Amino acid sequence: MRVLVADDASFMRQMIRDIIEPEGYEVVGEASDGVEVTEKFKELEPDLVMLDIVMPKRSGMDAVRELVALDSGAKIVMCSALGQEALVMEAMQAGARDFIVKPFKPDAVLATLKKVMEKE
Amino acid sequence: MDLAKYRTLFLEEARDHLGELGGALLALEKNPGNGEAIDLAFRMAHSIKGMAGSLGYDSITEVAHLLEDRMDAARASGRVDPVEGLPVLFRGLDGLELMVNAVADTGDAPPPNPELVGILTGDSVPVAEEAPAEPAPGVAPAAPEAPAAPRPAAAASVRVRTETLDRFLSAVGEVILTSRQARTAAHREGRATPSALGFDRMDRVVGELQRRALSLRTAPLLRVMEPLPRLARDVGRRTGKRVEVELRGAELELDRSILDRVGDPLVHLVRNAIDHGVEPPAERRERGKAELGRLVVDARREKDSIRISVSDDGAGIDLDAVRARAVDAGLVHEGLAEDLPPDEVAALVFRPGLSTKPEVSDISGRGVGMDAVKATIESLGGRVELESRPGLGTTTSLVVPITAAVQRVLLAGVREETVAIPISKVERIVEVEAQGIERSGRESFALIDDEPVLVLDLARRLGLEPFSDDGQAPLVIAEVRGERVALRVERLAGQQEIYVKPVPRLLASSRALAGLTVLGDGSPVFALDVNQLL
């Protein structure tokens, strides 16, 4: 399973890596803003994108729309924080498949990814 | 979860974010409707919240969350309230900085701060700052949108732990030294033999490897320059002065180990410039200057060094005051002080025990003077320069090497050891009769140029058997923290460029040992930090 991780904090990207890589997911790329994630998405064609909502240059919200426009089958999991429920709902309407909430709980993250990947 | 690893990552990134947050708030102070700065501040607070939450730093999470809320409201309204809102944001930033520093010091976040939370939630009013705030405080970076502008793009970068990098560099150091040893051995068999020529080629390749490896350790000066405008703002408020700060060349890169050590000296220079240099607004007006003082922190590359200068347009160094203080402190004889040329008087500010203002500077909570600035910079193999024009201002420059590891040294034998003394510290070498060295109590003096100079017996200093009083004594005349001293050694063994590795902890019992290297012939050499000898 090839995963692209987009978050402006390298701390968060590292944390996601450490949670999912031991479980057999391969992080094929990282992006630190909403423009880079689109570029990396085109270049790497990942199976799944983990996308932070708050990012520089272009928000995660706009990035969802862009990724879905590029590939309507794109599997996107939003990474949000408490208090961003409205944004999460908006992202899901725009085509995100699911979401996880910071601070990340490893079990919850893995369960969400599994759920998304099984819903082929 | 590897907590230590995440803590390191957190500290590094949170400090970067706080720096950006500070820059954004300064930009908002200049223009409360700067949308980019509002957005940046929001994102930085949000990101710090996320990281702190992941590590269970609840007090940091809470304050970052409240800041984020405030910035979110500002996003909605398109501006921050410069009179009531902005000071609260600065308080929040200060609080976050303190808490992040506490994580660095204690390994955990401090308990929640109800007062700070009260201020951020609007339940209590911030205590006014010491000096009355002017409606539009003049301190802001000169480039209008600079702090909110995106940083140089980190194109396809990876983050590597400093520890890993250091191990790698240490291995590269070994490669360099081993290849130099092999080359020396091959040359013994003849300079034009195939193996000697092969090692010459290898030497060039390894030299390139070394340059590239050392460049991995570099980071932009922005890290230490970014806080300066805010510092200037705070010092300005406290001293009732108005100063504008311009940063130039912050994108230049320096070795991290050097970078980390130029931060405090720069803070000191900026404080000094405002405290002692820039005149109060009324005085400036009288002198026909703009009320707003101007400070330029300029970094530029000079061959293998970087020159960072702090220039103010203030009154210049008060030479008479320096003279008087030097006489009071017993540094210069009264009769002599009169005749000292201006540049020598100015140079007195680098002497320990001289401060033209009686109070002790409070940087980092300890007394740090220009002598400490000079000692710090010199221990990095750099130098400090001072230029002052009465009435026009002062420029103080720190010239530091871009990479820390390679130094040109004088090799000297002390008993069975060889020590390396940085050439930059050496004035000259003299040889005197050992019997001519005068003892006075626990100290020894030699007459150099008809002037008594303190003699330091390096053998004794390094815990080896002290030298005897017979025969010739080679003395290396060096400048140590503003004093001329003579380092007594046993023999001199030439000059060389060496790659200095940090001293293994067990050996570092003497603070004067800065590093260790192995010469081409395989013998170990200790690099001396002469500033630690006095």
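The values are calculated or read from the model by the stated rules, or taken from the named source; none is laboratory data. Given the structure is predicted, the values throughout are model-derived calculations rather than measurements. Cβ coordinates were reconstructed from backbone atoms using ideal geometry, including for glycine residues, and neighbour counts include every protein chain displayed.
Exactly one residue out of A:M50, A:M61 is more than 11 Å from chain B (Cβ to nearest Cβ), touching a residue at least 12 places away in the same chain (Cβ under 8 Å) and assigned to a helix (DSSP H, G or I): that is A:M61. Per the listing B:E29, B:E68, the residue uniquely touching a His at 6+ places or on another chain (Cβ under 9 Å) and crowded, with 16+ Cβ neighbours inside 10 Å is B:E68. Of the residues making up the range B:8-57, those that are farther than 23 Å from B:P82 by Cβ and either among the small types (G, A, S) or more than 24 Å from the chain's Cα centre (by Cα) (or both) number 12. The residues of the range B:29-80 that are more than 20 Å from A:D8 (Cα to Cα) and hydroxyl-bearing (S, T, Y), listed by number, are B:S59, B:S77.
Scan the strands (runs of 3 or more DSSP E) fully inside the range B:182-272 and keep the ones with 3 or more residues being touching a helix residue (DSSP H, G or I) at 6+ places or on another chain (Cβ under 8 Å) and within 28 Å of B:V400 (Cβ to Cβ).
Details: elements: B:218-220, B:243-248, B:253-255.
Where strands (runs of 3 or more DSSP E) fall fully within the range B:182-272 and carry at least 3 residues being touching a helix residue (DSSP H, G or I) at 6+ places or on another chain (Cβ under 8 Å) and within 28 Å of B:V400 (Cβ to Cβ), they are B:243-248, B:253-255.
Filtering the range B:41-90 to residues that are more than 22 Å from A:F104 (Cα to Cα) and either in contact with a Leu (Cβ under 7 Å, 6 or more places away or on another chain) or within 14 Å of chain A (Cβ to nearest Cβ) (or both) leaves B:A41, B:R70, B:M71, B:D72, B:A73, B:R75, B:A76, B:V80, B:L86, B:V88, B:L89, B:F90. For the range A:26-35, the condition of being touching a strand residue (DSSP E or B) at 6+ places or on another chain (Cβ under 6 Å), more than 14 Å from chain B (Cβ to nearest Cβ) and surrounded by 15 or more Cβ atoms within 10 Å (Cβ to Cβ) holds for none of the residues.
Pairing each residue of the range B:260-286 that is within 21 Å of B:G391 (Cβ to Cβ) and assigned by TED's automatic domain parsing to the domain that holds B:V297 with any residue that is surrounded by fewer than 18 Cβ atoms within 10 Å (Cβ to Cβ) and of a type in the set (G, A, S), provided the two are 6+ apart or on different chains, yields C-beta distances under 9 Å for B:P280/B:G240; B:P281/B:G240; B:R284/B:A290.
Looking at the structure I just gave you, is B:L411 at pLDDT 85 or above, assigned to a strand (DSSP E or B) and surrounded by fewer than 18 Cβ atoms within 10 Å (Cβ to Cβ)? So B:L411 does not fit the description; no.
Got at least one residue in the range A:45-66 being more than 14 Å from the chain's Cα centre (by Cα), over 24 Å from B:H17 (Cβ atoms), of a type outside the set (D, E) and surrounded by fewer than 17 Cβ atoms within 10 Å (Cβ to Cβ)? For the range A:45-66, residues more than 14 Å from the chain's Cα centre (by Cα), over 24 Å from B:H17 (Cβ atoms), of a type outside the set (D, E) and surrounded by fewer than 17 Cβ atoms within 10 Å (Cβ to Cβ): absent.
A:E90 passes every criterion in (1) part of a helix (DSSP H, G or I); (2) among the charged types (D, E, K, R); (3) modelled with pLDDT of 90 or more; (4) within 30 Å of B:E36 (Cβ to Cβ) apart from (3).
Within 22 Å of the chain's Cα centre (by Cα) and buried (at least 17 other Cβ atoms within 10 Å of the Cβ), is that true of B:L216? The answer is no for B:L216.
Here's the yes/no breakdown for (1) assigned by TED's automatic domain parsing to the domain that holds B:V270; (2) in a loop (DSSP other than H, G, I, E, B); (3) of a type in the set (G, A, S); (4) modelled with pLDDT of 80 or more:
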| residue | (1), (2), (3), (4) |
| --- | --- |
| B:A347 | no, no, yes, yes |
| B:V368 | yes, yes, no, no |
| B:I377 | yes, no, no, yes |
| B:V419 | no, no, no, yes |
| B:V432 | no, no, no, yes |
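Looking only at the range A:1-13, residues that are touching a strand residue (DSSP E or B) at 6+ places or on another chain (Cβ under 9 Å), within 14 Å of chain B (Cβ to nearest Cβ) and not aliphatic (A, V, I, L, M) come to 4 in all. Tell me which residues, restricted to the range A:29-47, are small (G, A, S) and outside any helix (DSSP H, G or I). Across the range A:29-47, the qualifying residues are A:G29, A:A31, A:S32.
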